[in-house]
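The next block holds one structure in the form of structure tokens; read it before the comments.
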Amino acid sequence: MAPQPAQPPLPAGTSAVAESSHSVGPPSGLLAIPSQYSSEQRLRQSMKHAGHDEAREDGYRLKGIQLIDSVRQSLQLPVKTFDTAAIYYHKFRIRFPSNEYNYEDVALAALFVACKAEDTIKKSKEILCAAHNLKQPHDHKTPDDKLFEAPCRFTVGLERHILETIGFDFRVQYPQKLLIKMVRRMFPREAVDSREEGKKFLRVAYNMSIDIYKTFAPIKQASFTLVLAILELTSLLLDTDPEKSRGLNKAAAWHSERSCVLETTVDLLDLYTQFPKSTKVGPRFALDKVMNVKISINNLVAKEKHQYHGWCDRCAPELLDTRSLTPASATSPVTNPSLHGSSSTKRKRAPSEGTQRFVFDAAEARREKEIVARYFNDEYEEDEVEVEEPIREPEPRQPSRTNHAYRGHGHNHADYGWSGHRTSRHGHPSDRHRSWRGHGY
């Protein structure tokens, strides 16, 4: 076999890979752009995609936030840590269904991540120990107990999933600080008569700022909207003088919209009418009082075009309103609580998902996507080519055998050879209807 001739050297500035073929490199990964807020319609789409059962999820949401608040108070953590943990808990529960992770594990892991984000460092064993002592006060444990070795490793594993869920976006609003400032504006310290009234008003409004995290309002609205809704609802429940809240009626002056304030108020009223015993403010007021306030707010909402801000009518038929009005069902944690870590499983990433990258600049992500798309899009060109095909001449037909058929006795039947004893089609007994072969000739 003759040796192959030597190839000429490549010119400068070129590579063998580009010379050989149009090769496509590995994919650049999946880009994820985190968003701090979401709409009601988008939340319903996410919950429908995850296959949530509303009768069960309502109870899980309330029990998880109550656990975070109880452990936070036991460890003497500030309220900003509670706000951050509640946001992380909601975002994680919306993305993953209930059968993958236990709500107690997610709540404690969210509090663990929030302690790091808010610089109120607590070890995972301390959080697990505090939750255990609250649940079983007769069996007091210390963080050094070996009982928390396995749950500690699982909590650290959940930390990575929570960070991926929030997209490494640690922006969280704290409405309590703004709430105190606006209450002081409504009830000045100089007025001695309004000082006691302001303390009572602030006590109810502050507890309501904790209850609002048991709804999805904090991940839908900004801090000004949350505070305006809390102040308006507190004023209606306490029958406060409207003159004190007159300066708060213009939502545009506080970087908000009236429809968003009404939507947040309706979320709070739904919480107090359906789950009054699971809140701090609900047991303090009679249910009739709350229902009357809700009717008045619903009348204001009816004047708006949509109850929810940014609602799309074209996407509405794809959603099913599966909100539950009976949370204490057989599958609800209110009547069937699950044990700590009893149904938690680890999630494995599918091989087709690839590497996920988190980008905070949306414009830069779109520009990168357009650049990468040029190397992965299949482009085709259509060319029309005229080709002349010869037409064949039709072949002459061959004479049929039926032209020479034997005609016998006027029946116009063809003779295809000896067939032995043949009878007529209808089987007549008379010999007149039989062929000549039937007579023995």
**Q.** Residue-level accessible surface for residue 371, protein heavy atoms, 1.4 Å, Å²
**A.** 70
**Q.** Within the range 172-206, trypsin sites (Lys or Arg not before Pro) in DSSP loop having at most 15 other beta-carbon neighbours inside 10 Å
**A.** 189
(Q) Quick check: net charge around residue 254, other residues with Cβ under 14 Å of its Cβ, Lys/Arg +1 and Asp/Glu -1? (A) +3
(Q) Stokes-Einstein diffusion coefficient for the range 169-213 at 25 °C in a medium of 0.890 mPa s, Rh from the Kirkwood formula over Cα pairs: what value in µm²/s? (A) 214
Q. Where the only charges are on Cβ atoms (+1 Lys, Arg; -1 Asp, Glu), what is the dipole of the range 120-213 about its Cα centre, to the nearest 20 debye?
A. 320
Q: Leaving ligands, DNA and RNA out of it, rank 225, 120, 142 by accessible area with a 1.4 Å probe, largest first.
A: 142, 120, 225
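Order the following by accessible area, largest value first: 287, 67. Probe radius 1.4 Å; ligands, DNA and RNA are ignored.
Solvent-accessible surface, decreasing: 287, 67.
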Q | Area of residue 169 that stays accessible when all protein chains are in place (1.4 Å probe, Å², to 10) | A | 10
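Among the listed pairs 141/220; 116/250; 181/277, give every one whose C-alpha distance is greater than 32 Å.
The pairs that break the limit, which is 32 Å between Cα atoms, are 141/220; 116/250.
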Q. How far apart, in nm, are two points set 7 Å out from the Cα along the Cα-to-Cβ line at residue 380 and at residue 246?
A. 7.2
Q: Mind ranking 35, 259 by accessible surface for me, highest first, 1.4 Å probe?
A: 35, 259
Q. Which FRET efficiency value, to the nearest 0.05, do you get for residue 135 and residue 363 by plugging their Cβ-Cβ distance into 1/(1 + (r/R0)^6) with R0 = 56 Å?
A. 0.70
Q) Which net charge results for the neighbourhood of residue 178, defined as the other residues with beta-carbon distances under 14 angstrom from its beta-carbon, given Lys and Arg at +1 and Asp and Glu at -1? A) +4
Q: Note down the nm distance, to one decimal, between modelled labels 7 Å out along Cα→Cβ at residue 196 and at residue 46.
A: 4.6
Q) Can you give the accessible area of residue 193, probe radius 1.4 Å, in Å² rounded to 10? A) 140
Q | Net charge contributed by nearby residues that have their C-beta within less than 12 Å of residue 203 (K/R +1, D/E -1) | A | +2
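The values are calculated or read from the model by the stated rules, or taken from the named source; none is laboratory data. Quick caveat, the model's predicted, so the values are computed rather than measured. Don't worry about glycine lacking a Cβ; one is built from the backbone with ideal geometry, like all the others, and counts go over all protein chains shown. Surface accessibility is based on the protein's heavy atoms, side chains included, excluding ligands, DNA and RNA. Shrake-Rupley method; radii C 1.70, N 1.55, O 1.52, S 1.80 Å.
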